[in-house]
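Shown next, in structure tokens, is the structure this report addresses.
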Amino acid sequence: MGKIIVVGSSNVDLTMYVDRMPQPGETVHGNRMTTGIGGKGANQAVAAARGGGKVAMITAVGDDPFGRDILKALRHDKINCRYAARMDGVATGTAMITVAASGQNMIAVAAGANGQLKPEQVQVAEALFKTASYLLLQMEIPVAVSLAAAKLAHRHGVKVVFNPAPALDLVGIRKIMEFSDLVIVNEVEAELLTGIHIEDEIAALKSAQKLHQQGISEVVITLGSHGVYYSERQESAMVPALKVKAVDTVAAGDTFLGAMIAALSNDSTFKDAVKFGNAAAAICVTRPGAQASIPSKKEIEESTNWRHGRYLARTARPTAKVL
């Protein structure tokens, strides 16, 4: 089994469920509100751990109760938090999430402790990189930290998996891509990086080829309810989404990514890893919450025929409770 390192954000998620999204200046009534754990980095770490991977995380939380709860939850999922920092006088990162009845969401994030991470916190964790197989990076922490991690991974022969989201700093994204082996993007991020609007499989192929020309060996483009397009040197194909009733799409992309890398770390083929991640994301969207909605490996195997793209379970139990 290959080890996985996640360097990224940890947030507390404050989620409001509404019938429809409010317009600018409008107030709508919420049906309910939950407090849970999220952040792209932590979501991907949890998805990888529940998907059967051996995971360590480099992150930062505040010295508030939310920070304590996040680290407790990560450790509950057997994630190595030795190099996770609690920062004095700093608030834990917070995400304000609105989810409509359609399953679509709108998110605003305050970085908090995530924005205080320093490259030195990666350097002191070099021992992790000496035995790891995969490094997962996103864009919710300072670019300098992710870049330091990518360079350290490159030095130790660790495969760099980059999810350039949120895609707000294109200069920073390009710097990290120089050290990336596998890039996982959605259709919006793919268009920002390649200039190609993705509306069908042919456009996805062209976008992937352009990313290959930029030095990326393996490319995965997630297309929501349409599925996933993947491209590597030997093979490229479209994997249709499993048919489910979506109630909340929060963390679906992170769930896909973490589960996929867990499968790769357990020696799955690239195609099977994509299918496994696809099934994990399908289960995720059938229930509310971020980490509360991420399925375990056992659940993925029991609830889906993931190799053939079929969802079997009528209902799916949440793997974790909200705070």
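No lab work stands behind these numbers, since they all come straight from the coordinates. Please read these numbers as outputs of a predicted model, since none were measured by experiment. All Cβ positions, even for glycine, are placed from backbone atoms using ideal geometry, and neighbour counts span all protein chains on display.
In table form, for the structure just shown:
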{"read-out": "Value of Rg/Rh across the stretch 201-308 [Cα atoms, Kirkwood radius]", "value": "0.97"}
{"read-out": "Lys, Arg +1 and Asp, Glu -1 on Cβ, resulting dipole of the stretch 1-123 about Cα centre, debye, nearest 20", "value": "580"}
{"read-out": "Cβ-placed point charges (K, R +1; D, E -1), dipole of the chain about Cα centre in debye, nearest 20", "value": "940"}
{"read-out": "Alpha-carbon radius of gyration plus Dmax, which is the widest Cα pair, for the stretch 16-156 in Å", "value": "16.9, 52"}
{"read-out": "DSSP-defined antiparallel bridges as percent of all bridges, the chain, nearest 5", "value": "45"}
{"read-out": "In Hz, Karplus ³J(HN,Hα) per residue of the stretch 87-104 (6.51, -1.76, 1.60; θ = phi - 60°; x = Gly, Pro)", "value": "9, 5, x, 10, 7, 5, x, 10, 10, 9, 10, 10, 10, 8, 4, 6, x, 6"}
{"read-out": "Highest-MSF residue in the chain out of 289, 93, 215 [GNM, Cα springs under 10 Å]", "value": "215"}
{"read-out": "Under 5 Å, built H, 5+ apart or other chain: amide partners of residue 9", "value": "40, 41, 42, 140"}
{"read-out": "Computed over the stretch 131-200, Cα set: Rg, Dmax in Å", "value": "12.2, 40"}
{"read-out": "GNM top mover of 33, 139, 177 - the chain, alpha-carbon springs below 10 Å", "value": "33"}
{"read-out": "Kirkwood Rh (inverse of mean 1/r, distinct Cα pairs), the stretch 1-99, angstrom", "value": "14.5"}
{"read-out": "Measure of compaction for the chain (Cα Rg per 2.2 N^0.38 Å)", "value": "0.92"}
{"read-out": "Contact order relative to length of the stretch 130-269, as percent, for alpha carbon pairs under 8 angstrom and 6 or more apart", "value": "16"}
{"read-out": "The stretch 1-41: equivalent-ellipsoid semi-axes (sqrt of 5 x gyration tensor eigenvalues, Cα, Å)", "value": "33, 11, 9"}
{"read-out": "Projected area averaged over orientations for the stretch 74-228, convex hull of C-alpha atoms, nm²", "value": "10.8"}
{"read-out": "Per principal axis, descending, Cα span of the stretch 172-235 in whole Å", "value": "30, 26, 16"}
{"read-out": "The chain: most fluctuating residue of 240, 119, 65 per GNM, C-alpha cutoff 10 Å", "value": "65"}
{"read-out": "Average projection area in nm² (convex hull over Cα atoms of the stretch 49-121, one quarter of hull surface)", "value": "6.3"}
{"read-out": "Which of 308, 76 has the fewest Cβ neighbours within 10 Å, and the rest in rising order", "value": "308, 76"}
{"read-out": "Kirkwood Rh in Å, taken over the stretch 111-152 so that all alpha-carbon pairs contribute", "value": "10.7"}
{"read-out": "Scaled radius of gyration (Cα, divided by 2.2 N^0.38 Å) that the stretch 239-289 gives", "value": "1.10"}
{"read-out": "Other-chain or far-sequence residues with amide H under 5 Å of residue 239's (modelled H)", "value": "228, 229, 230"}
{"read-out": "Total charge dipole magnitude, the stretch 222-267, about the Cα centre, Cβ charges on Lys, Arg, Asp, Glu only, Debye to nearest 20", "value": "200"}
{"read-out": "Over the stretch 202-257, volume per residue of the alpha carbon convex hull, in Å³", "value": "88"}
